[in-house]
Structures are given as C-alpha cells and as structure tokens.
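Worksheet: the structure to be examined is printed underneath.
The values are calculated or read from the model by the stated rules, or taken from the named source; none is laboratory data. Here the structure is a predicted model, which means the values were calculated and not measured. Glycine also receives a Cβ, built like all others from the backbone with ideal geometry; neighbour counts cover every protein chain displayed. Accessible surface areas use protein heavy atoms only, side chains included; no ligands, DNA or RNA. Shrake-Rupley method; radii C 1.70, N 1.55, O 1.52, S 1.80 Å.
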Amino acid sequence: MVPVSKERNGSQKEIVKMAEKYELKAENVYKYFGGLKALDGATVLVEKGKLTSLIGPNGSGKSTFFNVITGYLDYDEDDANVQFQVHDIGNDEPAEIANKGMVRTFQHTRNFPKMTVLENMLVSPKDQAGESILWVFLGKPLWKRQEAKFVVKAMTILKFLEIDHVVDHLAEELSGGQQKLLAIGRLLMTQPSLLLLDEPVAGVNPTLANKIFDRIIQLKDTKGIDVLLIEHNMDVIMAFSDEIFVLADGKVIAQGTPEEIQANRKVLDAYLGESPDEA
Ligand SMILES: Nc1ncnc2c1ncn2[C@@H]1O[C@H](COP(=O)(O)OP(=O)(O)OP(=O)(O)O)[C@@H](O)[C@H]1O
Ligand SMILES: [Mg+2]
C-alpha cells in the first residue's frame with residue numbers, strides 16, 4: 001500500500017479506507033461487438049462481506065461484463081477503472097487475475113468432461129484459470145509430490161459441497177447441478193477471495209439450487225469469500241443478495257437492496273413484461 005505522509009494523513013487515510021471498502025471496483029466498462037454496445041459504461045462495485053448480484057434481461061451484457069473484467073475480452077474505450085483489492089487489474093491476463101484471487105465460473109460450465117471429479121479438482125492448483133491441460137504434460141514425479149496434499153484438500157471441498165460420493169465419476173456423468181458444484185469446487189482449490197458466478201443454478205432443480213446457495217452463503221460468512229453473482233432466478237436473488245445492480249442494454253439502470261430493486265419502476269420496465277422468474 002502507498003505510504004501515507006503525515007501532513008496528508010487525514011484525507012489520504014479516508015481515501016484508502018473508502019477504497020478498501022470494496023473488494024472489486026469495475027467502473028466505466030465498455031464493450032462493442034460491431035455496432036452493438038454490449039457494455040455502455042457499466043459500473044459495478046462489490047463491497048467486502050456483501051453478496052452482490054448482477055441481474056438484467058437476456059442479452060443485457062452480464063456475461064460480457066464478466067468476460068471483460070476477468071481479461072477474456074479486451075476493453076473498448078480507455079475509460080475503465082477496474083480495481084481488485086485496490087490494485088489495478090485492467091491490463092491483466094485471465095490467469096494473473098485468477099492468481100490474485102478473483103476467479104469465475106462460466107455460464108456454460110467448463111469442467112473436463114472425460115476426467116473424473118477428483119482429476120478435475122486437481123487441475124486447478126496447477127492451472128488457476130482452469131483453461132489449459134498443460135499439467136498433463138508436466139513430469140509426473142513433480143505432480144505426484146504435491147498430489148497427496150491436494151487430494152486431501154479436494155476431498156474436504158467435495159464433502160463440503162456434498163458431491164464427494166461421485167468423486168470417481170466422470171464429470172460428464174454428473175447432473176447439471178453437480179457439474180455446477182464441481183465448477184465451484186475447482187475454484188475453491190485456488191483459495192479465492194472473490195467468486196464471480198455466472199448463473200450457478202440455471203437449469204438446476206429448486207432443492208439443489210437452494211443447497212448451492214446455502215453453500216455460497218456459508219463460504220461468504222465463514223471463509224470471508226466475497227461473491228458477485230449473475231442469476232435469473234429471482235427467488236434466490238431476492239432472498240440472498242445484499243446489493244443488486246441491474247443491467248439493461250449494457251448500462252446499469254439501478255442499484256440497491258432487493259426491496260429497492262423490486263420497487264424500482266425502471267427495473268420493471270427493463271424486463272418489459274417478461275417475468276423475471278422466467279427470464
Ligand atoms: N462474442 C460475441 N460476439 C458478438 N456478440 C456478442 C458476443 N458475446 C455477446 N454478444 C452479444 O452481446 C450482448 C450481451 O450478451 P451477454 O452474453 O453479455 O448477455 P447476458 O446478459 O449474459 O445474457 P443472458 O442472460 O442471456 O446470459 C448480446 O446481444 C449478445 O448477443
Ligand atoms: Mg449470460
């Protein structure tokens with residue numbers, strides 16, 4: 001952290017304190033696809049200790065927002081200010097961002113279908129972004145030396161997520177909900193401090209959806225892992241969110257508590273008669 005000089009102590013301390021209030025500040029994010037403004041200066045702030053949600057109709061730019069701030073897509077315009085734990089991550093690659101503790105799931109789950117659940121879990125420590133299978137080509141002795149420690153850790157996480165009974169199953173054999181849990185489990189192998197979850201309960205039955213949310217809340221409350229959540233299921237959004245940002249056509253049109261968002265006319269208009277529960 002920048003040393004604070006005595007003369008300017010008061011004001012700078014205030015500024016640092018304000019900045020530290022946020023786990024993530026992603027301000028003025030733009031992304032264009034040809035003539036389409038997928039993100040039009042969107043700003044989303046994630047306060048420490050709060051479950052923050054990003055909602056909006058289909059195609060409003062939610063996944064694109066994750067893709068840009070996690071380094072998978074370039075920013076358009078130069079106006080963005082994106083800070084994770086007070087450090088600028090605007091020019092970082094996906095793996096660098098993941099290594100710093102900000103990790104994400106994808107709307108379409110990206111586990112390794114032909115690997116077992118345990119093998120999937122063991123990819124993560126070697127490859128924090130979870131995108132390559134380079135580890136397969138690493139010398140086995142090196143990998144083996146670390147294996148026992150990671151297996152214990154993986155089993156603890158799988159137990160916590162209640163999918164330890166399918167540890168030897170191929171990922172492709174799991175139900176949709178179990179695959180979503182596995183994706184979260186793989187993130188937990190990396191000791192993250194912020195989880196970005198893109199529709200973690202889409203297509204999951206209500207009982208399992210509630211269980212997944214119960215686990216997410218436990219991670220937040222007991223391990224201090226912050227969460228930024230994209231989700232269409234309004235029941236869980238309204239029940240579990242502390243703060244909600246609403247995107248429409250790439251712009252944040254509302255921010256507030258579940259009660260404030262539910263009473264906001266602009267939000268209802270954005271959904272244009274489309275029932276949020278069914279979106
Ligand atoms: N790689 C891409 N190339 C071109 N257009 C894209 C690309 N990715 C997204 N888009 C477009 O950008 C807009 C925002 O898409 P995005 O996937 O971010 O929406 P979303 O809010 O996540 O929607 P959903 O709720 O359906 O997942 C959409 O019009 C989409 O078609
Ligand atoms: Mg999406």
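Applying 0.36 nm per residue to the separation of Gln255 and His108 and subtracting their alpha-carbon distance, the gain on full extension is 50.3 nm.
Please compare each pair in Lys220/Lys251; Lys50/Lys100; Lys100/Lys223; Lys21/Lys100; Lys62/Lys251; Lys48/Lys149 to a cut-off of 22 Å on the Cα-Cα distance and tell me which ones are over it. In this structure, Lys220/Lys251; Lys48/Lys149 lie more than 22 Å apart at Cα. Under a 5 Å amide H cut-off, with hydrogens placed 1.01 Å from N, Glu199 pairs with Ile230, Glu231 among residues at least 5 apart or on other chains.
Looking only at the range 177-279, where both bridge partners belong to it, what percent of the DSSP beta bridges are antiparallel (to the nearest 5)?
In the range 177-279, DSSP labels about 50 percent of beta bridges as antiparallel.
Using the average count of surrounding beta-carbon atoms within 10 Å as a protection proxy, the listed peptides 74-80, 58-64 rank, highest first, as 58-64, 74-80.
Legend: calculated FRET efficiency, Asn210 to Val151, from the Cβ-Cβ distance at R0 = 25 Å, rounded to 0.05, equals 0.30. Potential lengthening of the chain between Gln262 and Asn91 amounts to 58.0 nm, from the contour at 0.36 nm per residue minus the alpha-carbon distance. Taking a quarter of the surface of the Cα convex hull of the range 163-274 gives a mean projected area of 8.2 nm². Computed extension length for Glu27-Leu73: 15.0 nm, one decimal, from 0.36 nm per residue of separation with the Cα-Cα distance subtracted. Sorting Thr70, Thr116, Thr156, Thr207 on solvent-accessible area from highest to lowest, probe radius 1.4 Å, gives Thr207, Thr156, Thr116, Thr70. Averaging 1/r over each pair of different alpha-carbon atoms in the range 13-88 and inverting the result gives 13.1 Å, the Kirkwood hydrodynamic radius.
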